[in-house]
Amino acid sequence: MDPKIIPFNRPVLVGNELEAMREALDEMHISGDGRFTQRCADLLTSELGVEGVVLTTSCTDALELSALLLNIGPGDEVIVPSFAFVSTANAFVLRGARPVFADVRPDTLNLDEERLEQLITPRTRAIVLVHYAGVACEMDRILEIGERHGVPVVEDNAHGLYGRYRGRYLGTLGPLATQSFHETKNFTCGEGGALLINDAVYVARAEILRDKGTNRQQLFRGEVDKYTWVDLGSSYALSDILAAFLLAQLSKRDRIQSRRAEIWNTYHERLAGLAVKHGIQLPHVPPECEQAYHLYYMVLGDREQRDALIAHLKGLGIYAVFHYTPLHVSRMGLGFGGRPGQCPVTERISDGLLRLPFYNDLDERDQERVLAEIGSYFAKR
């Protein structure tokens with residue numbers, strides 16, 4: 001009999017998603033800005049303590065909204081980590097900006113704050129960072145640099161909802177932050193995202209930009225007698241059916257996070273000895289950080305070793321995967337002046353990193369099998 005397939009990811013289900021979606025259907029409001037959209041926004045605003053929350057159809061859309069809010073345009077430069085998903089750069093490139101690729105720290109795989117300031121020029125209009133794996137960047141230093149140069153910091157917090165830095169939630173530290181509710185994330189509605197607004201100056205305009213550049217929400221509130229086109233914008237609103245699904249997930253956030261912490265800690269404890277023996281890098285969580293338990297990774301010595309382990313596990317029905325390829329040496333990145341060797345830590349990490357199966361209903365037996373097969377592979381080396 002073939003072994004049971006252990007996928008890399010399975011979207012989490014908490015049990016009351018269909019009930020919430022049925023309630024949205026019964027109310028006959030299934031487009032954006034319905035009751036469930038508002039309840040999700042209110043929950044996140046209250047829990048995180050931000051000025052405002054705008055639900056979007058994806059984290060990519062939230063990043064594009066942030067680029068619009070910051071008036072990014074042709075000739076501007078935006079600093080982004082090369083070790084990131086393409087949307088982190090694309091959202092700003094779409095407005096005409098040039099991405100300036102930053103290397104990452106070798107321990108947390110986050111933007112290297114010690115190399116940041118040398119990348120700032122008179123054209124720099126934003127610093128965009130990623131809290132990789134839900135572990136915070138060194139925000140005190142990054143925010144200080146940004147403030148001193150008058151450059152706003154955007155947190156791409158796709159991995160990090162409910163993670164903390166020095167007691168403060170990730171996504172609440174810079175003036176703007178983005179969240180993902182893609183099916184690979186801790187909390188999901190299939191496809192979805194949010195823009196977190198931490199500076200009141202952006203709240204009113206974000207509402208307009210998200211609603212196709214119109215002041216329609218002012219009409220709904222009785223503030224104007226008709227609405228019209230007043231700014232740039234697009235159709236970024238999340239369907240209320242998906243917001244209902246998301247609200248069901250967020251209502252079980254403690255249960256979801258608790259289970260993910262158990263899985264992460266099991267990997268970390270059981271792989272510690274093997275990592276020391278074979279020179280494998282495991283995730284590092286600085287003491288000032290409370291992570292979001294988004295993923296678990298190993299960094300091997302090079303791409304050949306990494307790919308060999310992925311192939312070994314796949315042959316046994318266990319799906320481990322690599323992660324980001326460096327943006328600075330992609331075809332688009334090279335066109336923006338990227339070059340091999342520009343971000344050496346990113347290149348090394350990208351070649352060696354693999355992510356292990358990680359999802360809420362990964363049971364103890366399956367996780368034990370993953371660990372046993374990794375151990376068996378290295379025992380032969």
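The values are calculated or read from the model by the stated rules, or taken from the named source; none is laboratory data. None of the values given here were measured: they were computed from a predicted structure. Every residue, glycine as well, gets a Cβ built from its backbone with ideal geometry; the counts of neighbours run over all protein chains shown.
Points to keep in mind about this one:
- Tyr293 being within 23 Å of Gly15 (Cβ to Cβ), among the hydroxyl-bearing types (Ser, Thr, Tyr) and either assigned by TED's automatic domain parsing to the domain that holds Ala158 or assigned to a loop (DSSP other than H, G, I, E, B) (or both): yes
- Residue within segment 336-344 that is in contact with an Asp or Glu (Cβ under 9 Å, 6 or more places away or on another chain), exposed (fewer than 13 other Cβ atoms within 10 Å of the Cβ) and assigned to a loop (DSSP other than H, G, I, E, B) present: yes
- Qualifying residue in segment 165-172 (condition: in contact (Cβ under 8 Å) with a residue 40 or more places away in the chain and part of a helix (DSSP H, G or I)): no
- The single condition from (1) crowded, with 20+ Cβ neighbours inside 10 Å; (2) under 20 Å from Leu111 (Cα atoms) that Arg306 fails is (2).
- Single condition Ser350 does not satisfy, out of (1) closer than 28 Å to Ser82 by Cα; (2) not in a helix (DSSP H, G or I): (2)
Each row is one residue, and each column tells you yes or no for (1) over 30 Å from Asn16 (Cβ atoms); (2) free of Cβ contacts under 8 Å to residues at least 12 places away in the same chain; (3) part of a helix (DSSP H, G or I).
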site	(1), (2), (3)
Gln217	no, no, yes
Leu232	yes, no, no
Ala243	no, no, yes
Leu271	yes, no, yes
Lys277	yes, no, yes
Pro283	yes, no, no
Gly301	yes, no, no
His312	yes, no, yes
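- Count of segment 137-151 residues which are in a helix (DSSP H, G or I) and hydrophobic (A, V, I, L, M, F, W, C): 4
- Test result for Lys185, over 19 Å from Leu94 (Cα atoms), touching a strand residue (DSSP E or B) at 6+ places or on another chain (Cβ under 9 Å) and of a type in the set (Lys, Arg): yes
- Screening Pro287 against (1) over 26 Å from Leu109 (Cα atoms); (2) part of a loop (DSSP other than H, G, I, E, B); (3) out of contact with any Gly (no Cβ under 6 Å at 6 or more places or on another chain) leaves a single unmet condition, (1).
Here's the yes/no breakdown for (1) of a type outside the set (Asp, Glu); (2) farther than 30 Å from Arg348 by Cβ; (3) crowded, with 21+ Cβ neighbours inside 10 Å:
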{"position": "Ser46", "(1), (2), (3)": "yes, yes, no"}
{"position": "Glu51", "(1), (2), (3)": "no, yes, no"}
{"position": "Thr60", "(1), (2), (3)": "yes, no, yes"}
{"position": "Leu63", "(1), (2), (3)": "yes, no, yes"}
{"position": "Leu68", "(1), (2), (3)": "yes, yes, yes"}
{"position": "Gly73", "(1), (2), (3)": "yes, yes, no"}
{"position": "Ile79", "(1), (2), (3)": "yes, no, yes"}
{"position": "Phe92", "(1), (2), (3)": "yes, no, yes"}
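- Single residue of segment 57-76 satisfying the filter (among the polar types (S, T, N, Q) and closer than 20 Å to Val230 by Cα) that is farthest from the chain's Cα centre (by Cα): Asn71
- Filtered residue count, segment 28-43, keeping only those that are free of Cβ contacts under 8 Å to residues at least 12 places away in the same chain and part of a helix (DSSP H, G or I): 2
- Condition met for Asp61 (modelled with pLDDT of 95 or more, under 15 Å from Gln179 (Cα atoms) and among the charged types (D, E, K, R)): yes
- Test: residue in segment 174-181 that is assigned to a loop (DSSP other than H, G, I, E, B), β-branched (Val, Ile, Thr) and touching a residue at least 60 places away in the same chain (Cβ under 8 Å): no
- Residue within segment 46-56 that is farther than 20 Å from Leu173 by Cβ and without any contact (Cβ under 8 Å) to a residue 40 or more places away in the chain present: no
- Every condition in (1) in contact with a strand residue (DSSP E or B) (Cβ under 9 Å, 6 or more places away or on another chain); (2) assigned to a loop (DSSP other than H, G, I, E, B); (3) without any contact (Cβ under 8 Å) to a residue 24 or more places away in the chain holds for Asp225 except the one numbered (1).
Okay, residues lined up against (1) crowded, with 20+ Cβ neighbours inside 10 Å; (2) within 19 Å of Leu55 (Cβ to Cβ); (3) not assigned by TED's automatic domain parsing to the domain that holds His131:
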residue: Cys189; (1), (2), (3): yes, yes, no
residue: Gly213; (1), (2), (3): no, yes, no
residue: Phe220; (1), (2), (3): no, yes, no
residue: Leu238; (1), (2), (3): yes, yes, no
residue: Leu242; (1), (2), (3): yes, yes, no
residue: Ala261; (1), (2), (3): no, no, yes
residue: Gly273; (1), (2), (3): no, no, yes
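- Within segment 355-381, residues that are closer than 16 Å to Asn265 by Cα have Cβ atoms under 7 Å from residues that are assigned to a helix (DSSP H, G or I) and not hydrophobic (A, V, I, L, M, F, W, C) in these pairs: Leu356/Tyr267; Asn360/Arg259; Asn360/Arg260; Gln367/Thr266; Leu371/Arg270, counting only partners at least 6 apart in sequence or on another chain.
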